[in-house]
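Worksheet: one structure, shown below.
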Amino acid sequence: MAGADLTVPGDVTERDDVQALLRSGFGPLTEACFLLLRVADVVAARAWLARVHVTSMADLDTKQETVLQVALTAAGMRALGTDPKVIDGFSAEFVAGMAGDAARSRRLGDVGPDAPEHWDWGWAEREPHALVMLYAQPGALAVFREEVVGSIGAGFDVLTSLETSDMKGHEPFGFLDGVSQPSIDWNGERAPGSAADLDYGNLIAAGEFVLGYRNEYGRLTERPIVDGAQDERAAALLPRAADRPNAYDSGRNGTYLVLRQLEQDVPGFWRTMSAAAPANPIPLAEAVVGRRLDGSPLVPLQPQRIPGVGEDAGDRVRNQFTYTRDPQGLACPIGAHVRRANPRNGDMAEGRTGLVGQLLCTLGFAADTDADRIAPSRFHRLLRRGREYGRLLSIREAQASVEHPPAGIHFLCLNANISRQFEFVQNAWLQGTTFGGLTGEADPLTGNRAPLMTGAATDEFSMPQGGGVAKRVAALPRFVTVRGGGYFFLPGVRALRYLAG
Ligand code: HEM
């Protein structure tokens, strides 16, 4: 493992160039909508992107009544006439797009009813070029949206507008959401790769979420660079690349944004829980998620502080834990959604178990070989910024309802490396059928239930029991269906002007 390269910047100082979504989910701005746009008139579209006010991290120093954020797809950059050489500098998965090839769709689990050809948006003629995210205080979104759409004029057509609803911090199944987030090391205080990383930590290098800064390998994440000798606009508009002469960094202060519209079958979820646990379906539902409805963890808190777990008591009571003391999954099943989504592993698969334990692990004689299969968390973190849509039903309403209007999550996450972060979590951890030594199961919450090519099932869920055989729920139906998705780039403010060039 490489130690931190101190010549690579770790601290993010250009706060007026970083879009505010990296800093905040804008909780008090409870109204939001995501406009998916396609270029209609290139000149007008470029002009709008060049002048629109995009809220930056620095703007958050004062209270914002409304916030506007902009991201582009690779198809959007092509439609705007961005130099193809510049587009090719972005990561391969971004350039190809989320629905870009069948192998990627298979890896993401987007097969059968989740396949892109069934999506409402994100595919072929319905692939967006730009994403404009609008946030406003209660009652203020309609006017703000009208103003923005008016200012866009003939530049873009609105492909669709993803509406959101305020579920007071809950997702449609009824669980508190947004409870665990990585803390970003904005000031570059931590040196990644030190002995402290043998244990799980939650303070993550800025370069995992913002391009142009030190990542968890102590290096710069691969990013698009423009040769200044051949491109005068780049020299005028973009920051210099930290690691190359006469080169300009069109990625710096930007990040990749993954958006997936995930529709949730809320009545189906609660009916399934009730059928499997008629006396009380709530503990089973909590085992599936891996947290209680109110967001508290299923495993006990630990006394030792975890770096990056908040100073405030609220974060500490919800996040000061790992699964090290629950290796068999007796308190939180190994296959539960949150345990898959973030196994809270340090670089030492079993956590720090003393010098002898470390030595044995280093030499490959770990006591629990299953634990070895789960990669360290710090390389696979996601900054989640999604919003819910639809109406929040009570559990009783959900159990009684047959037909219900669509509800779900506009799942949105930010990461500097789509393949190592979002795609890894989705493929290896959530859809993975060998995760933690399990068989016959994938994520019980979001799994697509499609059998493997070998015919092996993925629709079971096991809950280990002390001293006995695990309880298993078989033939889980799907609870989540993908309705649309795309890979976007959320550029720095200067890079947005450049890319719109
Ligand atoms: C409709 C689909 C989904 C639902 C209902 C859902 C629900 C939840 C809930 C209730 C939590 C616990 C509260 C929290 O920590 O915020 C959670 C945590 C999390 N989810 Fe999901 N989720 C969904 C899809 C996804 C997807 C697609 C991913 C990633 C590819 C993901 C990644 C995570 C992560 C990283 C955590 C935090 C884990 C931790 O750090 O402890 N989720 N989710």
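The values are calculated or read from the model by the stated rules, or taken from the named source; none is laboratory data. For clarity, every value in this text was computed on a predicted model and none was experimentally measured. Backbone-built Cβ (ideal geometry, glycine too); neighbour counts: all protein chains shown. For the accessible areas, the whole protein counts, side chains as well, though only heavy atoms, and no ligand, DNA or RNA atoms are used. Shrake-Rupley method; radii C 1.70, N 1.55, O 1.52, S 1.80 Å.
Miscellaneous remarks
- Restricting the search to strands (runs of 3 or more DSSP E) fully inside the stretch 162-279 and requiring at least 1 residues that are closer than 16 Å to residue 12 by Cα gives 183-185, 203-205, 247-249, 255-264.
- Of all residues in the stretch 401-432, exactly one satisfies the criterion of being free of Cβ contacts under 8 Å to residues at least 24 places away in the same chain and of a type outside the set (Asp, Glu), namely 405.
- Residues within the stretch 280-320 that are in contact with a Cys (Cβ under 9 Å, 6 or more places away or on another chain) and part of a loop (DSSP other than H, G, I, E, B), tallied: 3
- Just one of the numbered conditions (1) touching a strand residue (DSSP E or B) at 6+ places or on another chain (Cβ under 7 Å); (2) over 27 Å from residue 51 (Cα atoms); (3) away from the ligand (no atom under 16 Å from the Cβ) is not true of residue 196: (1).
Residue-by-condition table, conditions (1) closer than 30 Å to residue 168 by Cα; (2) under 19 Å from the mean Cα position of the chain (by Cα); (3) part of a loop (DSSP other than H, G, I, E, B):
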position	(1), (2), (3)
13	no, no, yes
21	yes, yes, no
48	no, no, no
53	yes, no, yes
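- In the stretch 374-400, the residues that are assigned to a loop (DSSP other than H, G, I, E, B) and either within 11 Å of the ligand (Cβ to nearest atom) or closer than 23 Å to residue 294 by Cα (or both): 380, 381, 382, 385, 386, 390, 391, 392, 393, 394
- Hits in the stretch 65-80 (condition: free of Cβ contacts under 8 Å to residues at least 60 places away in the same chain and either assigned to a loop (DSSP other than H, G, I, E, B) or over 23 Å from residue 134 (Cβ atoms) (or both)): 78
- A residue that is away from the ligand (no atom under 13 Å from the Cβ), β-branched (Val, Ile, Thr) and touching a helix residue (DSSP H, G or I) at 6+ places or on another chain (Cβ under 8 Å) cannot be found anywhere in the stretch 257-277.
- Per-region count, the stretch 409-449, residues on the phi > 0 side of the Ramachandran plot and among the small types (Gly, Ala, Ser): 3
- Subset of the stretch 446-475 (residues that are touching a Phe, Trp or Tyr at 6+ places or on another chain (Cβ under 9 Å) and open to solvent by less than 10 Å² (accessible area, probe 1.4 Å)): 447
- Among (1) at pLDDT 90 or above; (2) more than 14 Å from the ligand (Cβ to nearest atom), the one test that residue 170 misses: (2)
- Scope the stretch 23-46; condition open to solvent by 50 Å² or more (accessible area, probe 1.4 Å) and outside any loop (DSSP other than H, G, I, E, B); matching residues: 31, 38, 42, 43, 46
This table checks each residue for (1) modelled with pLDDT under 95; (2) in a loop (DSSP other than H, G, I, E, B).
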| residue | (1), (2) |
| --- | --- |
| 447 | no, yes |
| 453 | yes, yes |
| 462 | no, no |
| 481 | no, no |
| 484 | no, no |
